[in-house]
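Student: The following block contains the structure, expressed as structure tokens.
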Amino acid sequence: MEQTAKDKKSNMILALDFPFEKPENREKLFSKAERILNAVEPYICAVKFNRHLILPLGTFNGVAKLIEKVHAMGLMAIMDCKVNDIGSTNQTIAEYYYSVGFDALTANPFVGWEQGLKPVFDVAHKLQRGVILLVYMSHKGAWEGYGQTICNAETGEKALQYFSFAKKALKWNADGVVVGATYPEKIREVHEILGEKIPIYSPGIGAQGGKIESALKAGAHYLIVGRTITLSENPAETAKKIRDLANQCR
């Protein structure tokens, strides 16, 4: 990922997020995703997929074709599936997404390690793919889960949930963490824990109110931008402006 960002001179990740389309409009949705991808390719280092495309296009149908295009462009493909179930289910989810060509996926550390995320990491390491942990999400209600104060059952020590998740990222050897660009103070705190050992991916730029400069100054390595680009009248121009501003701030 780091090398791709250097080669592309960009640390921006395109989130291919679109509003709901009726099932009969699947071809239109695929064409829209393909068109935007072609337009912004010079300005991004990776593409993040969510259920916005998985559900209507199908993992091994339209999405597989888009991943092929992403890889042909020399970009990375990330599946934002937020794996969050028991271990056997998590393992199967990971195997399917990796087999279709995703280079990394996101996972929720709330489910724990044993019979939780360990099988995902085992599969990822075997296939030389990535796992990115959710440490603090970008929406307003994130504090209810990620921002709560927890008590360690073994030591009795109290800590903020997202501090605990950042430390788990180090312990589990994660390939990245997600901290919303809407919370630069959280990015800064997580960066103090991780240093340069694990990169921070920050969604929420633009549509959710996250600012490029504050996120980067706080320690974000990669910026995830979705609706600001995908809903833009000129996606290429918008992507270029964001890329250029990010490079100036860096």
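Student: List the GluC sites (Glu not before Pro) within segment 201-250 that fall in a DSSP loop (any state other than H, G, I, E or B) and whose Cβ has at most 10 other Cβ atoms within 10 Å.
Tutor: Counting only loop positions with at most 10 other Cβ atoms within 10 Å, the GluC sites (Glu not before Pro) in segment 201-250 are E233.
Student: How big is the antiparallel share of DSSP beta bridges in segment 2-249, given as a percent to the nearest 5? Let's see the in-between values first.
Tutor: Numbers: 3 of 29 bridges.
Of the beta bridges lying entirely in segment 2-249, close to 10 percent run antiparallel.
Student: Can you give me the three principal axis dimensions of segment 73-204 from its C-alpha atoms, in Å, biggest first?
Tutor: Extents along the principal axes, in whole Å: 40, 35, 27.
Student: On C-alpha positions alone, give me the angle between the axis of helix 87-100 and the longest principal axis of the chain, in degrees, nearest 10.
Tutor: Between the helix axis and the principal axis of the chain, the angle is about 30 degrees.
Student: Taking only Cα atoms, what is the 0 to 90° angle, nearest 10, from helix 161-171's long axis to the longest principal axis of the chain?
Tutor: With both axes taken from Cα atoms, the answer is about 90 degrees.
Student: Run through segment 168-237 and list the trypsin sites (Lys or Arg not before Pro) located in a DSSP loop whose Cβ has at most 11 other Cβ atoms within 10 Å.
Tutor: Here the trypsin sites (Lys or Arg not before Pro) that fit, given the DSSP loop and packing criteria, are K197.
Student: Would you mind calculating the relative contact order of the chain from Cα pairs under 8 angstrom and at least 6 residues apart, reporting the percent as a whole number?
Tutor: RCO, the chain: 19 percent.
Student: Expressed as an acute angle from 0 to 90° and rounded to the nearest 10, what is the orientation of the C-alpha long axis of helix 235-249 relative to the principal long axis of the chain?
Tutor: Value to nearest ten degrees: 40.
Student: Once each part is reduced to its C-alpha centroid, what is the distance from segment 133-186 to segment 10-39 in angstrom?
Tutor: 31 Å
Student: Still on this model: Once you've got the Cα coordinates, tell me which of K32/K186; K28/K48; K65/K217; K69/K126; K69/K168 are over 31 Å apart.
Tutor: Violating the 31 Å limit, Cα to Cα: K32/K186; K65/K217; K69/K168.
Student: Under the rule of -39500 (n - 2.57) per DSSP H run of 4 or more residues, summed and divided by the residues of the chain, what mean residue ellipticity at 222 nm is obtained, to the nearest 500 deg cm²/dmol?
Tutor: Taking each H run of at least 4 residues, the total per residue is -13000 deg cm²/dmol.
Every number in this text was worked out from the coordinates using simple rules, so none of it is lab data. Keep in mind that this is a model prediction, so the values were computed, not measured. Reconstructed Cβ throughout: ideal geometry from the backbone, glycine too, with neighbour counts over all protein chains shown.
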